[in-house]
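The values are calculated or read from the model by the stated rules, or taken from the named source; none is laboratory data. Predicted model, so just to flag it, every value in this text is computed and none were measured. For neighbour counting, all protein chains shown are included, and Cβ atoms are generated from backbone atoms with ideal geometry for every residue, glycine included.
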Amino acid sequence: MRNKIWFMAVVLGIVAFLAGLALAGVKGMTTPVIEKRILEKKIKPSLDKFFDGLDLENDCIEDRQVLDLGKDARGRKQVTTLFLGKKGGKAVVAALQTKAAGFGGDIEVLTAFSLDDKKILGVKTLSQSETMGLGARVSNDAEPFIQQFQGMNYSDGVEMRSNGGQVDAISGATVSSVAFTAAVIRATELVEKNVDSAAAN
Amino acid sequence: MKTLTQEFTKGLWEQIPPFRLVLGLCPTLAVTKSLEGGWGMGLATTFVLVCSNLFISALRNVIPPKVRIATFIVIIATFVVITELVMKAYTPMLSETLGVFIPLIVVNCIILGRAEAFASKNGIGRSLLDGFGIGFGFTLALAVLGALRELLGTGKLTMFAQANLDLTIIPLGEGREFLFKFMVDPPGAFVCLGAMLLLMNLISERSARSKAA
């Protein structure tokens with residue numbers, strides 16, 4: 001019986017079904033923990049720092065909105081989270097999570113904006129897998145490359161110095177620097193496009 | 001036939017995975033930048049190995065021989081994804097350190113190797129002991145390799161970064177990140193692994209010679 005085709009299919013089917021059940025259960029249990037941890041441990045401290053002293057009237061973590069970015073080249077749904085800080089009923093600050101492909105994988109960046117004077121309040125690397133000692137320096141908040149974004153005016157766009165812009169790369173880590181900057185550029189584009197409609201909600 | 005104790009202890013020296021079986025070298029070389037990476041990877045692999053050995057051994061008389069590899073992979077992959085999700089939720093820093101090498105446990109040849117060569121031919125008890133033995137051997141080897149590389153590379157030993165458990169053994173000057181950067185780079189992994197292999201062969205040879213004499 002063990003060599004019959006139907007038996008093989010049944011055994012493999014049952015094993016795969018049980019595996020799927022087990023995985024669905026574990027995923028259901030861990031997803032909220034993972035999401036909560038990312039919000040609390042990574043995004044909240046950065047937002048508190050960027051929006052420090054602004055006396056926002058809302059909790060921008062609580063009021064976060066998910067933006068639908070359409071589908072990527074492989075047809076997977078792309079989303080990002082927008083955090084808006086309001087004052088007097090008007091959105092004054094925003095922060096947005098974007099990513100770009102670096103040297104060792106995606107670099108995920110949180111960019112915070114001051115909307116009135118169109119300035120970047122700060123940037124923070126949320127995750128990266130770049131080379132230790134070179135590209136991985138984007139994780140260091142004290143790194144001059146990261147610091148240079150603070151207070152940068154984005155009304156005329158953000159661009160690498162090599163493309164006639166204002167951003168200096170980390171020497172020896174051009175790919176990582178370009179990817180990081182690409183994520184910031186993407187965030188500026190998204191914030192320009194979405195902030196008005198999002199603020200109305 | 002080995003005794004049950006031997007079934008467990010064979011994994012700790014006689015068949016210790018990266019050195020004696022010379023299996024699973026990819027993660028061995030990649031994640032041993034720190035002590036934490038070493039033991040973290042080792043324990044994650046042990047969990048998957050023990051669980052897959054248990055299930056494969058329990059189902060060994062049911063699984064049709066022709067689709068056994070497919071069945072093994074489904075079972076192994078399930079436990080790998082469970083490990084990955086649980087680590088992401090509860091040990092996030094370790095999960096970040098190990099990165100893609102956790103999902104890659106699926107293709108770790110130690111696990112498929114033990115499933116095919118041992119668990120599919122032996123009872124549940126023996127398969128569990130085999131899983132624990134080989135798993136702990138792998139953990140031990142990775143932890144020692146990781147500790148050696150981290151100590152020589154950065155002068156530190158990271159036990160568990162999430163709880164700030166790290167020791168500075170060799171203090172470096174202000175602003176200096178590395179003691180001997182070569183050791184935490186990929187080539188350093190080969191050199192360290194080679195040195196440990198040499199040492200192990202030396203000890204085995206010595207003990208064999210003293211037994212003969």
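At-a-glance table
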{"read-out": "Number of the exception - B:VAL74 against (1) under 25 Å from B:LEU12 (Cβ atoms); (2) surrounded by fewer than 20 Cβ atoms within 10 Å (Cβ to Cβ)", "value": "(1)"}
{"read-out": "Flag if B:VAL106 is within 13 Å of chain A (Cβ to nearest Cβ) and either charged (D, E, K, R) or buried (at least 16 other Cβ atoms within 10 Å of the Cβ) (or both)", "value": "yes"}
{"read-out": "Total residues in the range A:37-84, condition touching a residue at least 60 places away in the same chain (Cβ under 8 Å) and within 20 Å of A:GLU192 (Cα to Cα)", "value": "9"}
{"read-out": "Candidate set: the range B:150-165, residues that are more than 11 Å from chain A (Cβ to nearest Cβ) and either assigned to a loop (DSSP other than H, G, I, E, B) or in contact with a Phe, Trp or Tyr (Cβ under 8 Å, 6 or more places away or on another chain) (or both); chosen: the one nearest to B:LEU29 (Cα to Cα)", "value": "B:LEU152"}
{"read-out": "Whichever residue in the range A:137-164 is in contact (Cβ under 8 Å) with a residue 24 or more places away in the chain and surrounded by 20 or more Cβ atoms within 10 Å (Cβ to Cβ) and, among such residues, is farthest from the other protein chains (Cβ to nearest Cβ)", "value": "A:TYR154"}
{"read-out": "Positions within the range B:99-136 being out of contact with any Phe, Trp or Tyr (no Cβ under 8 Å at 6 or more places or on another chain) and not in a helix (DSSP H, G or I), in sequence order", "value": "B:ILE102, B:ASN108, B:LYS121, B:ASN122, B:GLY123"}
{"read-out": "B:LEU140 being within 18 Å of B:PHE19 (Cα to Cα) and surrounded by 15 or more Cβ atoms within 10 Å (Cβ to Cβ)", "value": "yes"}
{"read-out": "Checking A:ILE170 against (1) closer than 25 Å to A:VAL66 by Cβ; (2) touching a Phe, Trp or Tyr at 6+ places or on another chain (Cβ under 6 Å), the condition it does not meet", "value": "(1)"}
{"read-out": "Count of residues meeting criterion [of a type in the set (Asp, Glu) and at pLDDT below 90] in the range B:95-149", "value": "1"}
{"read-out": "Test: A:LYS36 is at the interface with chain B (Cβ under 8 Å from one of its Cβ atoms) and either more than 15 Å from the chain's Cα centre (by Cα) or assigned to a helix (DSSP H, G or I) (or both)", "value": "no"}
{"read-out": "Residues of the range B:101-118 satisfying the condition of being free of Cβ contacts under 8 Å to residues at least 12 places away in the same chain and touching a helix residue (DSSP H, G or I) at 6+ places or on another chain (Cβ under 9 Å)", "value": "B:VAL107"}
{"read-out": "Pick from the range B:29-43, criterion under 20 Å from B:PHE79 (Cβ atoms) and under 8 Å from the mean Cα position of the chain (by Cα), ranking: surrounded by the fewest Cβ atoms within 10 Å (Cβ to Cβ)", "value": "B:LEU43"}
{"read-out": "Filter result (acidic (Asp, Glu) and surrounded by 14 or more Cβ atoms within 10 Å (Cβ to Cβ)) within the range B:170-213", "value": "B:ASP185"}
{"read-out": "Selection status of A:THR125, within 15 Å of A:ALA182 (Cα to Cα), more than 14 Å from chain B (Cβ to nearest Cβ) and surrounded by 15 or more Cβ atoms within 10 Å (Cβ to Cβ)", "value": "no"}
{"read-out": "Filtered residues of the range B:173-208 (kept if modelled with pLDDT under 80 and not acidic (Asp, Glu))", "value": "B:GLY173, B:GLY175, B:ARG176"}
{"read-out": "Tabulated pairs, the range A:107-120, first touching a residue at least 60 places away in the same chain (Cβ under 8 Å), second part of a loop (DSSP other than H, G, I, E, B), C-beta under 6 angstrom, 6+ apart or interchain", "value": "A:ILE107/A:GLN128; A:ILE120/A:PHE149; A:ILE120/A:MET152; A:ILE120/A:TYR154"}
{"read-out": "Selection within the range A:9-33 - within 17 Å of B:ILE76 (Cβ to Cβ) and at the interface with chain B (Cβ under 8 Å from one of its Cβ atoms)", "value": "A:VAL11, A:LEU12, A:VAL15, A:ALA16, A:ALA19, A:ALA22, A:LEU23, A:VAL26"}
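Yes/no per residue for (1) of a type in the set (A, V, I, L, M); (2) out of contact with any strand residue (DSSP E or B) (no Cβ under 8 Å at 6 or more places or on another chain):
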residue: A:LEU69; (1), (2): yes, no
residue: A:THR80; (1), (2): no, no
residue: A:LEU84; (1), (2): yes, no
residue: A:LYS87; (1), (2): no, yes
residue: A:ASP106; (1), (2): no, no
residue: A:VAL109; (1), (2): yes, no
residue: A:SER114; (1), (2): no, no
residue: A:VAL123; (1), (2): yes, no
